[in-house]
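The values are calculated or read from the model by the stated rules, or taken from the named source; none is laboratory data. It should be emphasised that the depicted structure is a prediction, and the values quoted were computed from it without experimental measurement. Cβ sites come from the backbone with ideal geometry, for glycine too, and all protein chains shown count toward neighbours. Quick note on the areas: whole protein, heavy atoms, side chains included, nothing else; ligands and nucleic acids left out. Shrake-Rupley method; radii C 1.70, N 1.55, O 1.52, S 1.80 Å.
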Amino acid sequence: MAKLIGRLAPSPTGAQHIGNARTFLAAWLSVRSRGGKVILRIEDIDSPRVKSWAVEQAIEDLQWLGLDWDEGPDMPAANSPFIQTQRIERYAASFQQLQRAEKVYPCDCSRSDVAAAASAPHDIANAPGNQNFELIYARTCYNKKVRDASVLSGKYSWRFRTEPSEIFFRDGFAGEQIAELQNQFGDFVIYKSDGLPSYQLAVVHDDHEMGVTEVLRGDDLIPSTFRQLAIYDFYGWEPPSFIHLPLVVGPDGRRLAKRHGDTRLSWLREQGVSAERLIGLLAKSLGWTDSLKEQSVADLLALYDLKRIPKEPFVFGEKELNRLLR
Ligand code: GLU
């Protein structure tokens with residue numbers, strides 16, 4: 001059997017909060033409870049939103065929780081570097097394969113062009129917890145060939161030519177998932193106008209190259225999984241198994257964010273909250289314990305059980321915060 005390899009993949013676009021901690025904890029336990037290997041990868045290609053302090057802080061947050069990894073920015077290995085902005089040439093090489101196959105086309109539509117051409121905004125919230133509305137690209141540039149990029153004068157991105165077929169996967173938690181990529185999501189951007197790969201390409205490239213066999217993440221990314229499976233299919237790479245867990249939401253049912261008050265891990269640390277107390281709360285929210293008893297990640301290795309995790313998002317409100325701050 002292939003070795004089990006999972007990963008923690010924080011995006012340093014801001015501070016990591018309780019929602020991130022819950023998913024990282026489950027991702028780590030899922031792999032470690034079966035003796036697998038963990039990789040830490042920093043997903044910092046979303047350049048305008050990446051904050052320079054956030055990389056270090058994400059690593060500190062994970063260490064504070066007690067999570068460890070076998071390979072990462074501080075643990076060089078055959079697949080180094082583990083910071084996406086240091087891997088740009090690799091993505092470019094994969095991207096050229098897509099170009100050679102005319103599987104991508106240049107698109108110089110502006111955001112407002114895309115909005116104007118879309119017949120109706122589609123809610124792609126086929127994943128619980130996903131509150132994003134996305135416009136389906138009307139394929140205005142579909143007839144462009146790769147060579148046409150050379151005559152475009154303004155900014156342009158590259159879109160993936162989707163097929164009108166169904167994509168299916170069996171999620172380890174959320175069950176069977178099916179979507180028609182072309183109708184439900186449209187031709188998505190795979191290389192951005194700033195010359196950087198999109199998250200979709202970088203994540204597939206990295207998970208493949210790093211030998212990742214299991215991806216456990218928030219269920220807001222289910223729509224991305226369909227796109228990523230189409231990319232795996234193009235390259236003929238075997239996809240990892242996917243486990244998507246419900247997110248942590250505020251009392252209003254929306255994904256945990258600044259409007260819900262401070263839930264940053266660094267802030268909780270400053271308030272004197274111990275990692276064990278937070279982990280105790282998260283373990284209860286994940287259905288593994290009945291009490292708020294303090295726990296370490298090591299304590300949870302024996303308790304980890306995907307089947308006990310509630311299907312609904314975990315609501316984190318004032319009551320829960322006060323339990324941590326008590
Ligand atoms: N970097 C992404 C995030 O922090 C996770 C991506 C993934 O797990 O594929 O939301």
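Values for this structure:
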{"item": "Calculated over the chain: convex hull of Cα atoms, volume per residue (Å³)", "result": "140 Å³"}
{"item": "Accessible area (Å², per residue) of the range 49-109, counting only protein heavy atoms and a probe of 1.4 Å", "result": "49 Å²"}
{"item": "Label point distance in nm, PHE168-GLU276, each placed 7 Å from Cα along Cα→Cβ", "result": "4.8 nm"}
{"item": "Dipole magnitude of the chain about its Cα centre (Cβ charges: Lys, Arg +1; Asp, Glu -1), debye to nearest 20", "result": "260 debye"}
{"item": "Distant-in-sequence amide H partners of SER193 (H built 1.01 Å from N, under 5 Å)", "result": "none"}
{"item": "Cα shape, the range 29-186, gyration tensor, a/c 1.5 rule", "result": "prolate"}
{"item": "Backbone HN-Hα couplings from phi across the range 154-160 [Karplus 6.51/-1.76/1.60, Hz, Gly and Pro as x]", "result": "x, 6, 8, 10, 10, 10, 7"}
{"item": "Carbon + sulfur, % of accessible area of the chain - ligands and nucleic acids excluded, 1.4 Å", "result": "50 percent"}
{"item": "Length-normalised contact order of the chain in % [C-alpha pairs under 8 Å, at least 6 apart]", "result": "19 percent"}
{"item": "Cα centre as origin, Lys/Arg/Asp/Glu Cβ charges: the range 4-116 dipole, Debye", "result": "360 debye"}
{"item": "Lys pairs under 19 Å by Cα in the chain, provided they are eight or more residues apart or on distinct chains", "result": "16"}
{"item": "³J(HN,Hα), Karplus 6.51/-1.76/1.60, whole Hz, each residue of the range 91-101, x for Gly, Pro", "result": "5, 4, 5, 5, 4, 4, 4, 5, 5, 4, 8"}
{"item": "Computed [θ] at 222 nm, helices only, for the chain once each DSSP H run of length n ≥ 4 contributes -39500 (n - 2.57)", "result": "-9500 deg cm²/dmol"}
{"item": "Mean Cα-pair separation over length for the range 1-71, i.e. relative contact order, pairs under 8 Å, 6 or more apart, %", "result": "44 percent"}
{"item": "The range 279-319: C-alpha gyration tensor shape, a/c 1.5 cut-off, then a/b vs b/c", "result": "oblate"}
{"item": "Karplus-derived 3J(HN,Hα), 6.51/-1.76/1.60, for each residue of the range 26-31, Hz, glycine and proline x", "result": "5, 5, 5, 5, 4, 7"}
{"item": "Among ALA15, LEU25, THR225 the positive-end extreme of the charge dipole of the chain (Cβ point charges)", "result": "ALA15"}
